[in-house]
1. Would you point out the residue of region 164-191, among those that are in contact with a Ser or Thr (Cβ under 8 Å, 6 or more places away or on another chain) and near the ligand (Cβ under 9 Å from one of its atoms), that is nearest to residue 209 (Cα to Cα)?
2. Does any residue in region 105-132 that is within 14 Å of residue 166 (Cα to Cα) and without any contact (Cβ under 8 Å) to a residue 60 or more places away in the chain come within less than 9 Å, Cβ to Cβ, of a residue that is within 9 Å of the ligand (Cβ to nearest atom) and part of a helix (DSSP H, G or I) six or more places away or on a different chain, and which pairs are these?
3. Every residue in region 80-93 that is within 12 Å of the ligand (Cβ to nearest atom) and touching a strand residue (DSSP E or B) at 6+ places or on another chain (Cβ under 6 Å), please.
4. Select from region 304-333 the residues that are assigned to a helix (DSSP H, G or I) and free of Cβ contacts under 8 Å to residues at least 60 places away in the same chain and list them in ascending order.
5. Which one of the conditions (1) surrounded by 15 or more Cβ atoms within 10 Å (Cβ to Cβ); (2) under 27 Å from residue 249 (Cβ atoms); (3) modelled with pLDDT of 95 or more; (4) near the ligand (Cβ under 10 Å from one of its atoms) does residue 66 fail to meet, given that it meets all the rest?
6. Kindly establish whether residue 185 is aliphatic (A, V, I, L, M), assigned to a strand (DSSP E or B) and surrounded by fewer than 19 Cβ atoms within 10 Å (Cβ to Cβ).
7. Considering each of 304, 330 in turn, give the residue that is surrounded by fewer than 16 Cβ atoms within 10 Å (Cβ to Cβ), out of contact with any Asp or Glu (no Cβ under 8 Å at 6 or more places or on another chain) and either at pLDDT 95 or above or among the hydroxyl-bearing types (Ser, Thr, Tyr) (or both).
Amino acid sequence: MRILLTGGSGFIGSHIALLLLERGFDVLILDSFINSSYNVIYRIENYLDNKKINSKLETVVGDIRNKKLLNNIFSDSIKEEKPIDAVIHLAGLKSVSDSLINPLHYWDVNVLGTLNLLLTMKEFECYSLIFSSSATIYGLSDTVPMAEDHKISPINPYGQTKVAIENMFHDLYNSNINFWKICSLRYFNPVGAHPSGLIGEDPIGNPNNLFPFLTQVAIGRQKLLKVFGDNWDTKDGSGIRDYIHIVDLAEGHLACIDYLNSKDACLEFINLGSGKGYSVFQIIRQFELSTGCQIPFSIQSRRDGDVAECYADISKARKLLGWTPLKSLDQICIDGWNWQMKNPNGYS
Ligand SMILES: NC(=O)c1ccc[n+]([C@@H]2O[C@H](COP(=O)([O-])OP(=O)(O)OC[C@H]3O[C@@H](n4cnc5c(N)ncnc54)[C@H](O)[C@@H]3O)[C@@H](O)[C@H]2O)c1
């Protein structure tokens, strides 16, 4: 099979690309590199060479909002007799705080970009799609674990764009029920890195999320970790979240391709998380234990829009995809630290 992977040089996309190529898929990455480095592509190519993997990786530098470019990609693939069998769509903007400042930019890239992609897929009769949705769409709620039928109520423009896209899928599926096969995967918090240490998370500027911040404290790029609230109604007072190893998350996409291939038509919304909740203090303790690093931290007041506890009910993914996350929190810490040690300044 040949897969079009939009956003394939980003944190999640690079791990999916590597896994697809290792499993014999050909991959065409479309990425604007607005939030990623071309070094990702070189590293994946080197990895394939060293392991003597023959799957084909092609890369197009461009924007998903460029209709002409999308059209060329699909028409070339037909002319060259290597049609695109399915699309994994990850290209988009993902910062909650940035989306509050630049909401229209988020609607433009995330929603219009996806609309362009769907229009082109329809034109070229490519009907299989896996989409990167987010647990952010569930909004504020302490009901845990969160299943897919949990109330949808995003509290920021980023989350709104993901809901708008999921609504687009509903309309599309209802109109063309015989054709479309769509899985919208709602990610919780992907963390860690590929065990090789070749690819990992490399946020531009100060990391917004706990785990990359923590590894940057460990390597000395940040002074201390800020813990937002130690008075939540949880076992140790710190907030509880669902952290999933990035390789487990990538495996979920491979399982999803099998699922789509087994269907004539479908539209599914599926949580991908570890299904476990870990507190911030638990993460710090485990990281120190797994790596031998010391993590200095300071307690700050709670942030607006945070909740005490949020983790996924992943029974639908287990049942439908036959997928289950395998990697422990210990492995997340080891692989995340391995990546940070080998790449103290990320890809630069
Ligand atoms: N990382 C998370 O915690 C998380 C959680 C839930 C959902 N998601 C979603 O998963 C997807 C991938 O996330 P990620 O963490 O890998 O982010 P990332 O920023 O590392 O990867 C996104 C990639 O898309 C590219 N891109 C951005 N705008 C583009 C455009 N207009 N045209 C083409 N390429 C463009 C970027 O250059 C980047 O390589 C995003 O859609 C994000 O919303 C991420």
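1. 188
2. Going by the 9 Å Cβ cut-off, the qualifying pairs are 107/161; 110/158; 110/161; 110/162; 111/161; 114/161; 131/162.
3. 88, 89, 90, 91
4. Initial filter on region 304-333 (assigned to a helix (DSSP H, G or I)): 315-321, 329-333.
Within region 304-333, 318, 319, 330 qualify.
5. Only one criterion in (1) surrounded by 15 or more Cβ atoms within 10 Å (Cβ to Cβ); (2) under 27 Å from residue 249 (Cβ atoms); (3) modelled with pLDDT of 95 or more; (4) near the ligand (Cβ under 10 Å from one of its atoms) is unmet by residue 66, namely (2).
6. Values: aliphatic (A, V, I, L, M): yes; assigned to a strand (DSSP E or B): yes; surrounded by fewer than 19 Cβ atoms within 10 Å (Cβ to Cβ): no.
Criteria not met by residue 185.
7. Matching residue, one of 304, 330: 330.
Listed here are the residues, each with its yes/no results for (1) charged (D, E, K, R); (2) away from the ligand (no atom under 13 Å from the Cβ); (3) assigned to a helix (DSSP H, G or I).
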site	(1), (2), (3)
9	no, no, no
13	no, no, yes
29	no, no, no
54	no, yes, no
60	no, no, no
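The values are calculated or read from the model by the stated rules, or taken from the named source; none is laboratory data. Remember, predicted model here, so these are calculated numbers, not experimental data. Reconstructed Cβ throughout: ideal geometry from the backbone, glycine too, with neighbour counts over all protein chains shown.
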